[in-house]
């Protein structure tokens, strides 16, 4: 595996304290199916990034990991159902995420039989592929790379990261950009765009696909390319 990517994932170990889950270095005892679930998620992220490293991909920047996506796959805006091949009817295949490793779910079947499905992830992947973009020519990351959850609702919940939390991910974001060398950075939604602006990073912005924004997301991204 690429040493640069390994070193990058090591930097993800230092997540902020509080109601934040680190999928690559922490276990979710209530919902993980394996004791080595963090290692599985690290390996999946390693392959995902390594197979795009020399492609200078488009970079899509979201807000934060969600419990239906990266919490269990280790990959931003990528759900277990996609990795398990349960979205083939939507044109989404595991081999579009990575090909050098057999995908593995880390959530227990008793929690969600077919694995978790993240609506935003399905929309983003579907629209990009419908536009004819090679899946290895785009890479997805988040302004806040870890999973912020609601402590009153538990791990299977999401919350908006605080401004201080988002700023804590800025060094990792800059490191990610330096490593991946994206041809263009695209903020998915206003919050990601604000962070990039504050960091002085040149970028384009598209509508977040949630809450009825799927059509605008697709049209705006199509215009960019």
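Tell me, which residue of the stretch 172-189 that is assigned to a helix (DSSP H, G or I) and under 17 Å from the mean Cα position of the chain (by Cα) is surrounded by the fewest Cβ atoms within 10 Å (Cβ to Cβ)? Break it down into steps so the answer makes sense when it comes.
Our first condition is that a residue be assigned to a helix (DSSP H, G or I); within the stretch 172-189, this holds for 172-180.
Then keep just the ones that are under 17 Å from the mean Cα position of the chain (by Cα); that gives 172-177, 179-180.
Values: 172: 20, 173: 22, 174: 12, 175: 14, 176: 21, 177: 17, 179: 15, 180: 22.
Taking the candidates together, the pick is 174.
When residue 67 is tested against (1) buried (at least 19 other Cβ atoms within 10 Å of the Cβ); (2) touching a helix residue (DSSP H, G or I) at 6+ places or on another chain (Cβ under 8 Å), just one condition goes unmet, and that condition is (2).
Are any residues in the stretch 97-120 at pLDDT 95 or above and not in a loop (DSSP other than H, G, I, E, B), and if so, which ones? Residue satisfying the conditions is 107 alone. Residue 28 fulfils the conditions (1) part of a helix (DSSP H, G or I); (2) touching a residue at least 40 places away in the same chain (Cβ under 8 Å) except for a single criterion, (1).
Restricting attention to the stretch 17-52, the residues that are under 22 Å from residue 188 (Cβ atoms) and out of contact with any strand residue (DSSP E or B) (no Cβ under 9 Å at 6 or more places or on another chain) add up to 5. Across the stretch 121-134, what is the total count of residues that are assigned to a helix (DSSP H, G or I) and either more than 17 Å from the chain's Cα centre (by Cα) or more than 17 Å from residue 91 (Cβ to Cβ) (or both)? The qualifying residues number 1. Would you pick out the residues in the stretch 190-208 that are assigned to a helix (DSSP H, G or I) and surrounded by fewer than 17 Cβ atoms within 10 Å (Cβ to Cβ)? Answer for the stretch 190-208, where residues must be assigned to a helix (DSSP H, G or I) and surrounded by fewer than 17 Cβ atoms within 10 Å (Cβ to Cβ): 190, 194, 197, 198.
Looking only at the stretch 4-15, filter to residues that are in contact (Cβ under 8 Å) with a residue 12 or more places away in the chain and within 18 Å of the chain's Cα centre (by Cα); which one of those is surrounded by the fewest Cβ atoms within 10 Å (Cβ to Cβ)? Break it down into steps so the answer makes sense when it comes.
Initial filter on the stretch 4-15 (in contact (Cβ under 8 Å) with a residue 12 or more places away in the chain): 4-6, 8-9, 11-13, 15.
Within this subset, residues satisfying the condition of being within 18 Å of the chain's Cα centre (by Cα) are 5-6, 8-9, 11-13, 15.
Details: 5: 21, 6: 12, 8: 19, 9: 19, 11: 12, 12: 20, 13: 10, 15: 22.
Among those residues, the one meeting the criterion is 13.
The set of residues from the stretch 31-41 being part of a loop (DSSP other than H, G, I, E, B) and crowded, with 19+ Cβ neighbours inside 10 Å comprises just one member, 31.
Selection of the stretch 70-89 for residues being loosely packed, with under 15 Cβ neighbours inside 10 Å and assigned to a helix (DSSP H, G or I) yields 88, 89.
Checked against (1) free of Cβ contacts under 8 Å to residues at least 24 places away in the same chain; (2) at negative phi; (3) not in a strand (DSSP E or B), residue 211 meets all criteria but (2).
The values are calculated or read from the model by the stated rules, or taken from the named source; none is laboratory data. Everything numeric in this text was worked out from a predicted model, so none of it was measured. For neighbour counting, all protein chains shown are included, and Cβ atoms are generated from backbone atoms with ideal geometry for every residue, glycine included.
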